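K.L.:
First the structure, which I've put down as structure tokens, then a few questions once you've had a look.
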Amino acid sequence: MAGGREGLSVLRSSRFDLVICDYRMPEMNGFRFIHTLGTTYDISTIFIIFTTTHSARTVIDHAFSLGATTTQVEPYSLETLQTVLVLIRR
């Protein structure tokens, strides 16, 4: 996806079980993306992985308060992401 607005547009026309968004995206940041997603859809059925370079507890907590299922602090490895995907599928 090119950015948050495009991601929201795709979500309007398709059903997804997993969304990965970054704190820094073109057009809107990850907080705004999750907030907009949550006001448009029932996000309780969508796993949302919020990625960021910020490891501050306030950033992580805010992502969770908006509806993120989990967070990944960058840089992260493919193995770490695979582990998260396995855990959330359970």
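The values are calculated or read from the model by the stated rules, or taken from the named source; none is laboratory data. Here the structure is a predicted model, which means the values were calculated and not measured. Glycine gets a Cβ as well: all are built from the backbone with ideal geometry, and neighbour counts include every protein chain shown. Surface areas here come from the heavy atoms of the whole protein model, side chains and all, with no ligands, DNA or RNA. Shrake-Rupley method; radii C 1.70, N 1.55, O 1.52, S 1.80 Å.
K.L.:
How high is the FRET efficiency from Asp42 to Ile20, r the C-beta distance, R0 22 Å, rounded to 0.05? Let's see the in-between values first.
P.N.:
Details: r = 19 Å, r/R0 = 0.85.
Efficiency at R0 = 22 Å is approximately 0.70.
K.L.:
Counting only DSSP beta bridges with both residues in the chain, what percent are antiparallel, rounded to the nearest 5? Mind showing how you got there, number by number?
P.N.:
Numbers: 0 of 9 bridges.
Roughly 0 percent of the DSSP beta bridges within the chain come out antiparallel.
K.L.:
Would you pull out the residues with amide H under 5 Å of Asp22's amide H, same chain only if 5 or more places away, H placed 1.01 Å from N?
P.N.:
Thr51
K.L.:
What are the extents of the Cα atoms of the range 7-68 along their three principal axes, listed from largest to smallest and rounded to whole Å?
P.N.:
34, 24, 17
K.L.:
For Ile88 and Asn29, calculate 0.36 nm times their separation in residues minus their Cα-Cα distance, and state this gained length in nm to one decimal.
P.N.:
On the way: separation 59, 0.36 × 59 = 21.24 nm, distance 2.36 nm.
Extra length from Ile88 to Asn29 when fully extended: 18.9 nm.
K.L.:
Here's a follow-up. Counting only heavy atoms of protein chains, what accessible area per residue, in Å², does the chain have with a probe of 1.4 Å? Walk me through the numbers on the way to the answer.
P.N.:
Numbers: 5580 Å² over 90 residues.
Ligands and nucleic acids excluded, the figure is 62 Å² per residue.
K.L.:
Follow-up question, since we're still on this one. Taking amide H positions as placed in the peptide plane 1.01 Å from N, state which residues far from Thr71 in sequence (5 or more) or on other chains have amide H under 5 Å from it.
P.N.:
For Thr71, whose amide H was placed from the backbone, the distant partners under 5 Å are Phe50.
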